[in-house]
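Below you'll find the structure, written out as structure tokens, and then a few comments.
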Amino acid sequence: MIFLRQSLTIAVKDLRAELRSKEAINASLSFAIVILLLFSFAFDPSSEQTREISGGLLWLVFAFAGALVLNRSFARELTNDCLEALIASPVSGAALFLGKALSNFLVLIAIELLSLPVFGIFYNVRWTGQFWTLMMILLLATWGLTVIGTVFSALTVNLRLRELMLPTLVYPILIPALLPAIQLTSAVIAGQPLTADLYAGLRLLIAFNIIFTALALGLVETILVG
Amino acid sequence: MIGLCVIAAALLARNLNVILLHLPDEASQGAIYRIFYFHLPAAMTAGACAFVALAASILYLATKNFRYDSIAVSVTEVGLAFGAMVLATGMIWARIIWGIWWTWDARLTSMLIVWLMYAGYLMLRRAIDEPTARARNAAVLSIFIAPGVYITWKSIEWWRTQHPGPVLSIRGGGGMAPGMESAAYWNLLALGLIAVVLVMVRMQQETYQRRLDALRREAHVL
Amino acid sequence: MSAVRVEGVWKYYGHFPALRDVSFQVEPGACLALLGRNGAGKTTLLKIIAGLSRPADGHVLVAGKEARDRETRARIGILGHGIAVYDELSAFENLKLFGRLYGLRDPARTALEWLERTGLERVRDGLVREFSRGMRQRLAVARAFLHSPSILILDEPFTALDDRAIAVLQGLLEKALADGRTVIMSTHQLREALQLATNVALLNRGKLAYHGERTAEMLADPGWLYRHYGEMA
């Protein structure tokens, strides 16, 4: 109980600070829209083709834009040495991690939900056909992205080159989650039913989330304290 | 260590002799199949390196003994070298048999990804100066990479891949003539020994490096 | 029971020992001034006592319990090099946040009390970003004292503070000591520190070179300790 309450306190704190400064949200959202524009120049796709590549396109946008949010997650605690005060407080590393992950998750979901209509308009694609299935995929894959991004943000927080380091480490590890997310999203936006292959992808996505959430919760105290 | 080195070299020479001069061509693939004698043992060696890297990383976090950190970084580097050998030999084989250098199938892709992740491990190590923090963070990263290694290993069973399935009889393959299979094991022994020698050299270097670092820090507080 | 008991603590950076077999005790109500040159291991030792890092060998017991235990951390207040409050939050929000994290029963009320005590009640809803240096420092002091810690750990507390913040901090420390709380501080400001200190410990290259009561000699001549115990014999 204390654990969850502390996580929630951290999450609310992070969200409040972020909504006041908006540094990560603004950068990430404008970056997402810029990539969406760039892709449309690069491929000049018809709406039929777009449907087929929509999953890949959207998840590349989400992963790139998300990195800007995740980068800041632990780095923002370095100003004024706040990270030390948090670790010294009776909050466990795992609770701190969970709080930060929750706030990152909500910010990423918000950015994704704002990017989707932009994608629909620019690419002339109706993406709301299987809205709730799409939301489920979005939530699952975004949690995977968040967990990996947040824990690696803690891992790289004291590095000089963390802005360069984080994406290089995060994207390869994310591939087992991104791959099924891309396939599922493409299928859902194209209006196809979920085949056995896609269900296997869904299982992989869920297994990914469980394994890496457990690893992150178990190891973050070691990362932060030693 | 020099003894091991000599044995490994002699063994490799013997194997090369057997593989190149004594074994017959394979029925359907012709001469190129011989690359298999390096591809598979290198893959097994790289896999063993990944396994040892995981074990050493966990042991480092449990004991904080730098010996395990030295083991972890050494086997990771050697594993990367053998992994590069796996990818290169695989690509050459694919060019001859499939007619293409590369295809994005589950085995090839996951192998490449894992290779890149371990390269990231070395990058992370390079970015941290303080040995204790470096050892700790690298160990955590190595544990995060391990599920990817498992996926790579199992990928030929989980997905329909173009990569050939298991061939050795110990994994239920049984697609090889007895004389051909034993040559694979002999070369596994040779490559495995080379890996052990390389790991020992690297571990020695790590130990010296840490001593140097300690002396430098000592000098700074004087 | 000792308030803080440091038993054979070793800490390494790689093979380099930053702390070498450091042992001492601090009794409740005592104020220990931790002295030593840069790189002597003061900050490293304070971090271990505050539960921010773990010793490679040895133990730190705070009121009989391991330093990194949750209950132990709840009894410790720290004031480090940074102010450790959030620029994007108001003074009131900052204190409420830490009150919640420390599990206080009424975080809002305690936060208001401390805003008053540190003279920040008029700017309670102002964002810390807009505060002057002195105001930020006083808020940091309030943050460290908020949960009535029985042990206070201060790393170079007087170095960064302005006059008014020093006065606030000194008043609070005197009161805390009178209440029987324990203070451990590392410092370069020998005069300020030695006035408060009841005990003195000197670290030299990671080793405890001296530990004992603060004597009148030290107060009269702050350099005395360094001259007698400063370099390893």
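Quick one: check the C-alpha center-to-center distance for region A:175-204 versus region C:1-51, whole angstrom. Taking the Cα centre of region C:1-51 as reference, the centre of region A:175-204 is 55 Å away. Remark: relative contact order (region A:2-225) = 30 percent; criterion is Cα-Cα distance under 8 angstrom and separation of 6 or more residues. Roughly what angle does helix B:36-63 make with the longest principal axis of chain B, taking Cα atoms, 0 to 90 degrees, to the nearest 10? Helix B:36-63 and the main axis of chain B meet at about 30 degrees. DSSP beta bridges confined to chain C are antiparallel in about 55 percent of cases.
Across all Cα pairs in region C:79-147, the calculated P(r) in 5 Å bins from zero up to the longest distance comes to 4, 21, 35, 27, 12, 2, 0 percent per bin. Shown for B:C49, B:C5: other C-beta atoms within 10 Å of each C-beta, ranked fewest to most, produce the order B:C5, B:C49. Model label sites at C:R37 and B:M200, defined 7 Å from Cα along the beta-carbon direction, differ in position by 4.4 nm.
Within chain B, what is the longest stretch that has no chymotrypsin sites (Phe, Trp or Tyr not before Pro) placed in a DSSP loop and near at most 13 other beta-carbon atoms within 10 Å? Walk me through the intermediate numbers first.
Numbers: sites that count: B:W98, B:W101, B:W104.
Here the longest segment lacking exposed loop sites spans B:105-222.
State whether the protein assembly as shown is rounded, prolate or oblate according to the following rule on the C-alpha gyration tensor (a ≥ b ≥ c being the square roots of its eigenvalues): a/c under 1.5 gives rounded; otherwise a/b larger than b/c gives prolate, and the remaining case gives oblate. Cα axes put the protein assembly as shown in the oblate bin.
Under a Gaussian network description of chain C, with springs only between Cα atoms under 10 Å, the residue in C:G58, C:G103, C:G14 that fluctuates furthest is C:G14. Using a Gaussian network model of chain A in which every pair of alpha carbons under 10 angstrom is joined by a spring, one finds that among A:S21, A:S40, A:S103 the greatest mean-square fluctuation is at A:S21. Antiparallel as a % of all DSSP beta bridges within the protein assembly as shown, to the nearest 5? If we restrict to bridges inside the protein assembly as shown, about 55 percent are antiparallel.
Computed from Cα positions, the angle between helix C:163-178 and the longest principal axis of chain C comes to roughly 70 degrees. Scanning chain A for long hydrophobic helices, with DSSP H runs required to stretch 18 angstrom or more by C-alpha along their axis and to average at least 0.5 on the Kyte-Doolittle scale, returns A:23-43, A:47-75, A:93-122, A:131-155, A:162-189, A:196-225.
For a footprinting-style exposure proxy, rank B:S28, C:S150 by other Cβ within 10 Å, fewest first.
Working: B:S28 7, C:S150 19.
Ascending Cβ contact count within 10 Å gives the list B:S28, C:S150.
Here the Gaussian network model covers chain A, with springs between Cα atoms less than 10 Å apart; of A:V157, A:V61, A:V34, A:V34 fluctuates the most.
Tell me the mean residue ellipticity at 222 nm calculated for chain B from its helices only (DSSP H runs of n ≥ 4, each -39500 (n - 2.57), averaged over every residue, nearest 500). Please list the in-between numbers first.
Working: 6 runs with 170 residues, N = 222.
Value at 222 nm, helices only: -27500 deg cm²/dmol.
Over 30 Å apart at the Cα level, from the set C:K175/C:K207; A:K13/C:K11; C:K96/C:K207; C:K96/C:K175, are C:K175/C:K207; A:K13/C:K11; C:K96/C:K207.
In chain A, the calculated helix contribution to ellipticity at 222 nm averages -29500 deg cm²/dmol per residue, counting -39,500 (n - 2.57) for every DSSP H run with n ≥ 4.
Go ahead and estimate [θ] at 222 nm for chain C from helices alone: -39,500 (n - 2.57) per DSSP H run with n ≥ 4, summed, over the residue count, rounded to 500. Mind dumping the intermediate values first?
Working: 9 runs with 82 residues, N = 233.
When only DSSP H runs of four or more count, the value is -10000 deg cm²/dmol.
Compared with the dominant principal axis of the Cα atoms in chain C, helix C:107-117 is inclined by about 80°.
Read the figures in this text as sums done on the coordinates, not as results from a lab. Since this is a predicted model, take the numbers as computed values, not measurements. In this analysis, Cβ positions are derived from the backbone assuming ideal geometry, glycine residues included, and neighbour counts consider all displayed protein chains.
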